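Just so it is clear, none of the values below were taken in a lab; they were calculated from the coordinates. The shown structure was predicted, so the numbers you read here are calculated from the model rather than taken from an experiment. Don't worry about glycine lacking a Cβ; one is built from the backbone with ideal geometry, like all the others, and counts go over all protein chains shown.
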Amino acid sequence: MTRANFPRWLLVPAVLGALLVAVPIGAMALTVDWANFGALITSEASRAALWLSLRTAAASTVFCLLLGIPLALVLARTSGTAATLLRSLVLLPLVLPPVVGGIALLQAFGRRGILGHTLDVLGLEIAFSTTAVVIAQTFVAMPFLVLSLEGALRAAGTRYEDVAATLGAGPTTVFTRVTLPLALPGLVSGTILAFARCLGEFGATITFAGSLQGTTRTLPLEIYLQREGDPRAAVALSLVLVAVAVLVIGFTRARPGSLSAGTS
């Protein structure tokens with residue numbers, strides 16, 4: 001750690017802030033039943049929930065990329081009232097309580113929803129299905145990708161894009177060969193953060209998709225249910241999610257630097 005030039009008294013609230021996060025996590029690690037840890041996290045319900053979480057989080061992250069990359073590029077390269085309104089709309093799930101997002105999705109895609117009614121007539125039921133889990137996760141996680149990538153695109157600027165266009169490259173070629181490589185660190189960070197958010201999603205999922213074992217009961221929902229029936233299992237499964245989150249955050253912090261070094 002390099003020596004920073006800041007008032008020493010700021011160390012007191014900084015340490016308190018770190019302890020606010022570290023103490024609960026440490027307490028959970030100290031109280032977990034390590035003797036039976038393996039059995040607690042490998043029960044049939046736990047394995048099904050973890051596998052469902054990984055599958056849906058991966059699918060949701062793909063949708064975040066397909067929809068979020070174009071959104072981030074549009075927001076980074078446009079300005080004005082329309083762009084401001086669009087940015088506010090895209091980032092809205094960041095400030096909404098997840099359960100409110102779930103209710104909104106239910107009103108749109110539920111059997112009696114605006115779009116869900118038409119889909120139901122066509123034989124497509126979205127609410128309370130695995131598809132609903134993916135939609136809910138994408139809804140809450142996509143802003144993380146858009147925010148990270150938009151910042152990277154703005155920082156990269158348009159100089160190299162303009163040069164490529166002057167040399168005769170088409171818009172699609174500029175996008176794939178110049179724009180995305182320049183913003184790759186931000187794209188990687190946003191993708192990993194989106195995946196982590198999908199993995200930990202709870203409120204919108206339980207509201208829009210319910211809690212059906214093997215179908216919509218992801219690991220956060222399983223932890224919530226285990227909290228009443230088997231608190232030891234809930235603590236053990238929570239620690240698994242914490243470990244995954246630590247790995248994701250560590251990879252996010254390390255990866256952009258290595259990418260930047262590789263492209264310089």
Which values of log₁₀ I(q)/I(0), to two decimal places, follow from the Debye formula for the range 1-115 at q = 0.12 Å⁻¹ with a uniform point scatterer at every Cα?
-> -0.94
222 nm mean residue ellipticity, helices alone, for the chain (DSSP H n ≥ 4; -39,500 (n - 2.57); rounded to 500) | -25000 deg cm²/dmol
3J(HN,Hα) from dihedral phi, the range 111-116, Karplus parametrisation 6.51/-1.76/1.60, rounded to Hz, x for glycine, proline = 4, 9, x, 4, 8, x
Starting from the Cα gyration tensor of the chain, multiply each eigenvalue by 5, take the square root, and state the resulting semi-axes largest first in whole Å.
-> 35, 29, 17
Which value, in Å³ per residue, describes the convex hull spanned by the Cα atoms of the range 32-184?
-> 182
Going fewest to most other Cβ atoms within 10 Å around each Cβ, SER129, SER88 line up as SER88, SER129
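Can you check what the net charge comes to around LEU50, using other residues whose Cβ is under 12 Å from the Cβ of LEU50 (Lys, Arg +1; Asp, Glu -1)?
Net of charged neighbours comes to +1.
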Formal net charge of residues neighbouring ALA234 (Cβ-Cβ distance under 12 Å; K, R +1; D, E -1) = -2
From the backbone phi of the range 170-182, what are the Karplus-calculated ³J(HN,Hα) couplings (6.51 cos²θ - 1.76 cosθ + 1.60, θ = phi - 60°) in whole Hz, Gly and Pro given as x?
-> x, x, 5, 5, 4, 5, 7, 9, 10, 4, 5, x, 5
Where the centre of each part is set by its Cα atoms, how far does the range 221-239 sit from the range 123-141, in angstrom?
-> 24
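Using the number of other C-beta atoms within 10 angstrom as an exposure proxy, rank GLU44, GLU161, GLU125, GLU201 with the fewest first.
Values: GLU44 9, GLU161 20, GLU125 15, GLU201 29.
Fewest-to-most ranking of GLU44, GLU161, GLU125, GLU201: GLU44, GLU125, GLU161, GLU201.
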Please work out the Cα center distance from the range 155-214 to the range 25-53, rounded to the nearest Å.
-> 32
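What are the membrane-span-like helices in the chain by this rule: whole DSSP H runs, Cα extent along the axis at least 30 Å, mean Kyte-Doolittle hydropathy at least 0.5?
On the way: long enough: 44-77 (49 Å, 1.27); 130-156 (38 Å, 1.42); 231-263 (48 Å, 1.28).
Answer set is 44-77, 130-156, 231-263.
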With no solvent and one equal point scatterer per Cα, compute the Debye intensity ratio I(q)/I(0) for the range 103-150 at 0.31 Å⁻¹ and report its log10, rounded to two decimals.
-> -1.06
Share of Cα-Cα pairs in the range 71-130 lying beyond 18 Å, as whole percent | 53
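Would you mind counting up the charge near PHE63? Only other residues with Cβ under 15 Å from its Cβ, with Lys and Arg at +1 and Asp and Glu at -1. Walk me through the numbers on the way to the answer.
Details: positive: ARG55, ARG197; negative: GLU201.
Value of the local net charge: +1.
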Most exposed to least, judged by fewest other Cβ atoms within 10 Å, TRP9, TRP51 sort to TRP9, TRP51
Ordering 233-246, 53-66 by per-residue average of other C-beta atoms within 10 angstrom, highest first, gives 53-66, 233-246
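Order of 10-16, 92-98 by packing, highest average Cβ count within 10 Å first?
Details: 10-16: 9.9, 92-98: 14.9.
Order by mean packing, descending: 92-98, 10-16.
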